[in-house]
Structures are given as structure tokens and as C-alpha cells.
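Derivation of every value follows stated rules applied to the coordinates shown; laboratory data play no part. Just so we're clear, the structure is a prediction, and the values are computed from it rather than from any experiment. Backbone-built Cβ (ideal geometry, glycine too); neighbour counts: all protein chains shown.
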Amino acid sequence: MTSRSWHPDLPYNDLPPIPAASELETKPVLRACVEARAALAGLKQGAELIPNQSMLINTLPILEAQASSAIENIVTTTDKLFANLHAEERADPATKEALRYRSTLMEGFRTLAKLPLSTRMAETICSRIKGVDMKVRKIPGTKLTNAATGETIYTPPEGEDVIRTHLATWERFLNGEEGLDPLIRMAAGHYQFEAIHPFTDGNGRTGRLINSLFLIQEELLTLPILYLSRFVIRHKDRYYDLLIDVTRNEAWEAWLLFMIEGVMETANWTMRKIQAIRDLEDEATYRIRNELPKIYSRELVDIIFTQPYCRIENIVQAGLVKRQTASRYLKRLVDIDFLEERPVGREKLFINTGLLEILVGED
């Protein structure tokens with residue numbers, strides 16, 4: 001059934017609220033939720049068993065930042081992101097913007113301990129992603145168009161009061177429909193946020209970041225490590241087609257199944273990554289302990305697995321050894337082909353190539 005009040009060239013001020021649970025909870029959707037919840041439970045447990053939690057925090061959100069930015073044609077590489085993680089000032093503009101996404105995700109994660117997801121938090125998230133103050137749109141003129149033809153595909157609601165009213169309904173749905181499976185709420189809420197399109201820019205990234213935070217808010221995960229934008233970018237055309245089909249034809253089931261499938265696939269993929277990293281870390285522990293027993297310590301292994309790029313300063317700041325000794329330790333790890341040394345300006349970076357290959361690999 002087509003939404004009668006909708007026309008692509010007209011502001012969709014009459015955007016309807018999300019349907020009742022009875023319309024969303026179809027048998028296929030509920031079955032998909034069971035499978036995805038099981039995958040998330042496995043990921044949550046696997047993440048909690050990692051002794052070095054900072055490794056997850058420093059790596060997986062970077063992958064999400066790179067993919068979510070790429071969906072919006074802000075193109076950088078994971079290699080650039082890791083290399084500039086602690087040297088953002090020398091990064092190119094696209095890398096800086098993706099790094100802002102990562103830092104915003106982490107800040108939102110910390111904020112969840114005090115505040116639930118809300119319109120106010122969405123404004124804060126968008127502002128941090130864009131690096132400028134972003135508030136709900138006040139002026140008309142926002143349209144979504146086909147990049148190839150220039151044809152208007154969708155015109156979101158106009159008028160600050162109208163937009164804020166829709167956002168208030170969205171906020172109540174996310175936080176108030178506790179009888180509805182959280183995965184259905186996440187997927188339906190994501191559609192609604194994108195249909196409201198409250199900002200002049202940054203809506204897609206803000207909405208996808210909110211997805212990650214919502215899963216933590218609902219205690220399906222304890223860390224922001226679900227790399228869901230990987231699934232979206234691999235199925236980008238389908239993602240946009242299904243979004244607009246909800247607007248055109250109220251095709252909720254197909255949209256919900258797509259997003260829930262994305263959660264399940266991504267959770268299983270992330271769990272495989274975590275296991276591969278644990279295996280590599282065990283191998284590193286064995287090699288360093290046996291080949292370089294004089295420099296081995298559990299703390300040293302943790303540092304070189306916190307992220308793929310290690311600096312001398314990382315070891316010094318951890319209080320492990322002084323700078324000269326830290327340099328010697330890293331060079332010894334280069335000697336046994338565990339790290340790769342790369343000069344960047346006046347600085348030297350030491351790359352855990354095995355870890356980097358795991359993180360950027362598709363398998």
C-alpha cells in the first residue's frame with residue numbers, strides 16, 4: 001500500500017509514526033531476531049573474554065568509522081586512519097572527518113552511562129561528526145536526489161517545529177517500546193530517523209552511529225564493536241532501495257529483515273576477527289617469550305596489540321621502559337619480522353602487519 005500523502009517533490013510533513021508491534025513482528029522477522037540475538041550474545045561473550053579490552057576499543061570502531069564515512073563518499077583508508085589515530089593534525093580532510101566519527105562514537109559510548117539516546121544527543125553526535133554546530137534544520141530546501149539523473153527521490157519534513165515533533169515521537173519509540181524486540185526497534189528507528197532527515201548534512205552517519213549506541217543501551221553489547229556499516233556498504237544500493245520502499249509502499253518487513261540480517265552477519269564476522277586476533281596474540285606471546293626472552297612481558301604484547309601502529313611513545317607512556325630502551329625493544333621485534341618499521345616524517349611507526357591484515361581483510 002502506497003503512502004497517499006507522500007510525493008517525492010513535496011516535504012513529507014505527514015510522515016506517519018512507526019507502525020504498531022503487531023504489524024512489525026511478522027514470523028520471518030521474529031525468527032531473524034532470534035538468530036541475530038544469538039550471534040550478538042556470542043560476540044558479547046567473546047569480547048568480554050578478551051583480556052586486552054583496549055585492543056577492541058582502538059581497532060573495531062576505526063573500521064566502522066571508515067565504512068560509515070565511505071557510504072557518504074568520504075573516502076579514506078583504514079591504514080591512514082590507524083597511522084593518524086594519535087596525529088590527527090597531519091591527516092588529510094577525509095581522514096580527519098572519519099577520525100571524528102570514531103571519536104564521536106567513543107564519546108557517545110561514554111555518555112550512555114548518564115543519558116539515554118535522544119534528540120539532544122543526536123544533535124551532539126552530528127555536531128561532533130561534522131566538526132561544526134549542527135542543529136535541527138530551520139530552513140527549507142533539503143531534497144534527496146538521484147546522483148546520476150538529478151531526479152528528486154525524497155523530500156523530508158520541513159519546519160523546525162515539525163521536525164522536532166517527529167523526533168520526539170522517534171525518541172519515545174526508541175526508549176519506550178520495551179515490549180518490542182530491540183533489534184526491531186533499532187531497524188525501525190533507523191528508518192524513521194533517516195526519513196525525518198533532521199540535519200542539513202551528516203544524517204546517515206549520525207543514524208548509523210546511533211544504531212551502535214542503541215545496541216549498547218539495550219545491553220545487547222557492552223562495547224561499540226559491531227561493524228554494521230560494513231554490511232551496509234557491501235549492500236549499499238539495496239540499503240537505499242529498501243529505505244525508500246518503506247516510504248513508497250510501507251514495505252517494513254523487507255527493511256527489518258535486511259537490517260537484522262546485517263546485525264547477524266556482522267556479529268559473526270566480528271567474532272571471527274576477534275578469534276583470529278586472539279590466535280595471533282597467542283602466537284606473538286610464544287614467539288617473543290622464546291626468541292626475545294630478555295624483552296618479553298605481557299604488557300609489551302598488550303601494547304603492540306592495542307592497535308596496528310605502535311610508537312615509541314606508546315611504550316614510554318605505559319610506564320614500561322624509558323625511551324631509548326623502548327626503541328630498542330621495537331627494533332628487536334622488527335629483527336624477528338614481527339613488526340615492520342616505517343618512517344613518517346620525523347617519527348618512526350612500528351606496524352603489527354599481522355594484526356593489520358586481520359583487520360582490513362574481508363574474511
- Over the Cα atoms of region 292-360, compute the convex hull volume and normalise it per residue, giving Å³. 87
- Largest-first principal axis extents, alpha carbons of region 139-191, Å: 42, 27, 8
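For the peptides 349-362, 220-233, 136-149, 84-97, what is the packing order when you average, over each peptide's residues, the other Cβ atoms within 10 Å and list the highest mean first? If you can, show how the numbers build up before the last one.
Values: 349-362: 17.4, 220-233: 21.9, 136-149: 12.4, 84-97: 15.2.
Peptide ranking by packing, descending: 220-233, 349-362, 84-97, 136-149.
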- Query: What lysines could a cross-link reach from Lys294, if we take a straight Cα to Cα line under 17 Å and drop same-chain neighbours fewer than 8 places away?
  - Reply: Lys322, Lys331
- Query: Which of Leu330, Leu24, Leu292 moves most in a GNM of the chain, Cα contacts under 10 Å?
  - Reply: Leu292
- Among the aspartates and glutamates, select those whose C-alpha is under 12 Å from the C-alpha of Lys44, and discard any that sit fewer than 8 residues away in the same chain. Glu219
- Task: Choose one answer from Ala326, Ala38, Ala113: the residue with the largest mean-square fluctuation in a GNM of the chain with alpha-carbon springs under 10 Å.
- Result: Ala113
- Task: Based solely on C-alpha atoms, express the radius of gyration and the Dmax of the chain in angstrom.
- Result: 22.3, 74
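What order do you get for 196-202, 40-46 when each peptide is scored by the mean count of other beta carbon atoms within 10 Å, highest first?
Values: 196-202: 21.3, 40-46: 18.0.
The most tightly packed comes first, giving 196-202, 40-46.
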- Item | Rg [Å, one decimal], Dmax [Å, integer] - region 164-320, C-alpha atoms | 20.9, 67
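On a 25 Å Cα-Cα criterion, which of the cross-link pairs Lys27/Lys114; Lys80/Lys273; Lys130/Lys236 come out too long? Let's see the in-between values first.
Numbers: Lys27/Lys114 36 Å; Lys80/Lys273 20 Å; Lys130/Lys236 22 Å.
Over 25 Å apart, Cα to Cα: Lys27/Lys114.
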- Prolate/oblate/rounded label for region 41-175 (Cα gyration tensor, a/c 1.5): oblate
- Message: Helix 323-335 against the longest principal axis of the chain: what's the angle in degrees, Cα atoms only, rounded to the nearest 10?
- Response: 90
- Query: List the aspartates and glutamates whose alpha-carbon lies under 14 Å from that of Lys96, not counting same-chain residues fewer than 8 positions away?
  - Reply: Asp79, Glu88
- Note on the structure: Asserting the computed 222 nm helical MRE of the chain (DSSP H runs at least 4 long, -39500 (n - 2.57) per run, divided by residue count, to nearest 500) equals -20000 deg cm²/dmol
- Among Gly159, Gly204, Gly189: highest mean-square fluctuation, GNM of the chain, C-alpha pairs under 10 Å: Gly159
- Which angle from 0 to 90°, rounded to the nearest 10, does the C-alpha axis of helix 93-111 make with the longest principal axis of the chain? 80
- Classify region 1-119 as rounded, prolate or oblate from the Cα gyration tensor: take a ≥ b ≥ c as the square roots of its eigenvalues, call it rounded if a/c is under 1.5, otherwise prolate when a/b beats b/c and oblate if not. oblate
